[in-house]
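Visitor: Structure provided below as structure tokens; questions to follow.
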Amino acid sequence: MTPCRVIAMDGPAASGKSTVARLLADRLDFALVNSGAFYRAIAWVLLQESGHSGTSEEDTARKILESTNIEVVFEGRSARLSLNGQNPTPHLREPGVNAHVSVISQFPFVRNLLGDIFHSLAAERDCVVEGRDIGTCVFPDTPYKFYIDASPEERQRRRAAEGQTDRVAERDRRDSLRAVAPLTAAPDALRIDTTHLGIEEVLERALAHLAAAGVRPQGT
Ligand code: DC
């Protein structure tokens, strides 16, 4: 049996990586794993279980998560978490989650827990996995890596246009400077700056790069 393929798609908030990841997964018929949504789901359940104050203590987070029923479910090609039978999706962009996710994503316990889940998903299916450290830490050996970027002004503009109050610059700064799995481009990733590119152009570049590496849409 051929091993499953992983396309790693990293980059800062609002760089366009989620859109490219989704379109690539559709074109290639791969599963889609938005790792940021998994971190957000964990932040959400920790807020719920700690009386909405959240926790800055890794030990407290570990205790809560050890007694949480964590499952992966698929909605079409997209994987998401189910936590104690609840679907966290409607809550993932709430301000409390925006603020707390950078804190809890630094806990090695959380990173290992989710890392194991990403690996078990990728053992079963070809996947596009998007995030911050997918090509550097989670799947360093995959030959298919992208780093999607855009200027800070353009990224803040995109979030505002979505009606969101997410302070991307501040979150990026924390994600980039942290000691554990900081946001950084893998040296072997193809970098695409989307500041002045339309989504079709970004997708065409990504597909051309993958085709050169032997990954093509079915039937082409
Ligand atoms: O992609 P996003 O903005 O929804 O991610 C939310 C947060 O999750 C981000 O601020 C840091 C964390 N994260 C991470 O630490 N590692 C990943 N691979 C993906 C996200």
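Visitor: How many of the residues in the stretch 53-101 are within 16 Å of the chain's Cα centre (by Cα) and on the phi > 0 side of the Ramachandran plot?
Guide: Matching residues across the stretch 53-101 total 0.
Visitor: While we're looking at this one, here's another question. How many residues, within the stretch 127-158, are under 16 Å from the mean Cα position of the chain (by Cα) and not β-branched (Val, Ile, Thr)?
Guide: Residues in the stretch 127-158 being under 16 Å from the mean Cα position of the chain (by Cα) and not β-branched (Val, Ile, Thr): 14 in total.
Visitor: Please name all residue pairs, on different chains or six or more residues apart, with Cβ atoms under 7 Å, provided the first residue is in the stretch 124-150 and is in contact (Cβ under 8 Å) with a residue 40 or more places away in the chain and of a type in the set (Val, Ile, Thr) and the second residue is within 14 Å of the ligand (Cβ to nearest atom) and open to solvent by 40 Å² or more (accessible area, probe 1.4 Å).
Guide: Thr136/Thr184
Visitor: Could you give every pair whose Cβ atoms fall below 9 Å, whose first residue belongs to the stretch 23-50 and is free of Cβ contacts under 8 Å to residues at least 24 places away in the same chain, and whose second residue is within 13 Å of the ligand (Cβ to nearest atom) and open to solvent by 20 Å² or more (accessible area, probe 1.4 Å), counting only separations of at least 6 or pairs across chains?
Guide: Every condition considered, the pairs that remain are Gln48/His91.
Visitor: Still on this structure, I have one more. Quick one: how many residues across the stretch 153-177 are open to solvent by less than 20 Å² (accessible area, probe 1.4 Å) and outside any helix (DSSP H, G or I)?
Guide: Total meeting the criteria: 1.
Visitor: Going through the stretch 164-190 one residue at a time, which ones are of a type in the set (A, V, I, L, M) and touching a Pro at 6+ places or on another chain (Cβ under 8 Å)? So that I can check it myself, show each step before the final result.
Guide: Of the residues in the stretch 164-190, the ones of a type in the set (A, V, I, L, M) are 168-169, 177, 179-181, 183, 185-186, 189-190.
Selection gives Val168, Ala169, Val180, Leu183, Ala186.
Visitor: Tell me which strands (runs of 3 or more DSSP E) are completely within the stretch 1-89 and hold 2 or more residues being open to solvent by less than 40 Å² (accessible area, probe 1.4 Å) and within 16 Å of the ligand (Cβ to nearest atom), or say none if there are none. Show your work before the answer.
Guide: Numbers: elements: 6-10, 31-34, 70-75, 78-83.
Filter on the stretch 1-89 gives 6-10, 31-34, 78-83.
Visitor: Would you confirm, using the coordinates I've provided, whether Ser82 is at pLDDT below 95 and of a type in the set (Ser, Thr, Tyr)? If you could, list the steps in order and put the result at the bottom.
Guide: On the way: at pLDDT below 95: no; of a type in the set (Ser, Thr, Tyr): yes.
Taking the combined requirement at face value, the residue does not satisfy it.
Visitor: Mind telling me which of the residues Thr136, Thr195, Thr220 ends up being among the polar types (S, T, N, Q) and open to solvent by 60 Å² or more (accessible area, probe 1.4 Å)? Spell out the reasoning first.
Guide: On the way: Thr136 fails: open to solvent by 60 Å² or more (accessible area, probe 1.4 Å); Thr195 fails: open to solvent by 60 Å² or more (accessible area, probe 1.4 Å).
The conditions single out Thr220.
Visitor: Let me ask something additional. Please state which of the following conditions Gly115 fails to meet, knowing it meets all the rest: (1) open to solvent by less than 20 Å² (accessible area, probe 1.4 Å); (2) within 22 Å of Leu197 (Cα to Cα).
Guide: Going through (1) open to solvent by less than 20 Å² (accessible area, probe 1.4 Å); (2) within 22 Å of Leu197 (Cα to Cα) one by one, Gly115 breaks only (2).
Visitor: Has the stretch 154-161 got at least one residue that is touching a residue at least 24 places away in the same chain (Cβ under 8 Å) and more than 25 Å from Val103 (Cβ to Cβ)? It would help to see each step written out before you state the result.
Guide: Step one: filter the stretch 154-161 for residues touching a residue at least 24 places away in the same chain (Cβ under 8 Å), giving 154-156, 158-159.
Remaining after also requiring more than 25 Å from Val103 (Cβ to Cβ): 154.
Within the stretch 154-161 (the criterion being touching a residue at least 24 places away in the same chain (Cβ under 8 Å) and more than 25 Å from Val103 (Cβ to Cβ)), the answer is yes, since at least one residue qualifies.
Visitor: Restricting attention to the stretch 198-217, and to residues there that are of a type outside the set (A, V, I, L, M, F, W, C) and within 26 Å of Arg157 (Cβ to Cβ), which single residue is surrounded by the most Cβ atoms within 10 Å (Cβ to Cβ)?
Guide: Per the stated criteria, the residue is Arg205.
Visitor: Looking at the stretch 92-129, which of its residues are modelled with pLDDT of 95 or more, touching a helix residue (DSSP H, G or I) at 6+ places or on another chain (Cβ under 9 Å) and among the hydroxyl-bearing types (Ser, Thr, Tyr)?
Guide: Scanning the stretch 92-129 gives no hits.
Visitor: If you scan the stretch 134-180, which residues turn out to be of a type in the set (D, E, K, R), away from the ligand (no atom under 11 Å from the Cβ) and in contact with an Asp or Glu (Cβ under 9 Å, 6 or more places away or on another chain)?
Guide: Hits for the stretch 134-180 are Lys145, Asp149.
Visitor: Just one of the numbered conditions (1) crowded, with 17+ Cβ neighbours inside 10 Å; (2) among the small types (Gly, Ala, Ser); (3) under 28 Å from Thr142 (Cβ atoms) is not true of Ser120; which one?
Guide: (1)
The values are calculated or read from the model by the stated rules, or taken from the named source; none is laboratory data. Nothing here was measured: the structure is a model prediction, and the numbers come from that model. Because the Cβ atoms are built from the backbone with ideal geometry, glycine has one as well, and the counts that use them run over all protein chains shown. Calculation scope for accessible area: heavy atoms of the full protein, side chains included, ligands and nucleic acids excluded. Shrake-Rupley method; radii C 1.70, N 1.55, O 1.52, S 1.80 Å.
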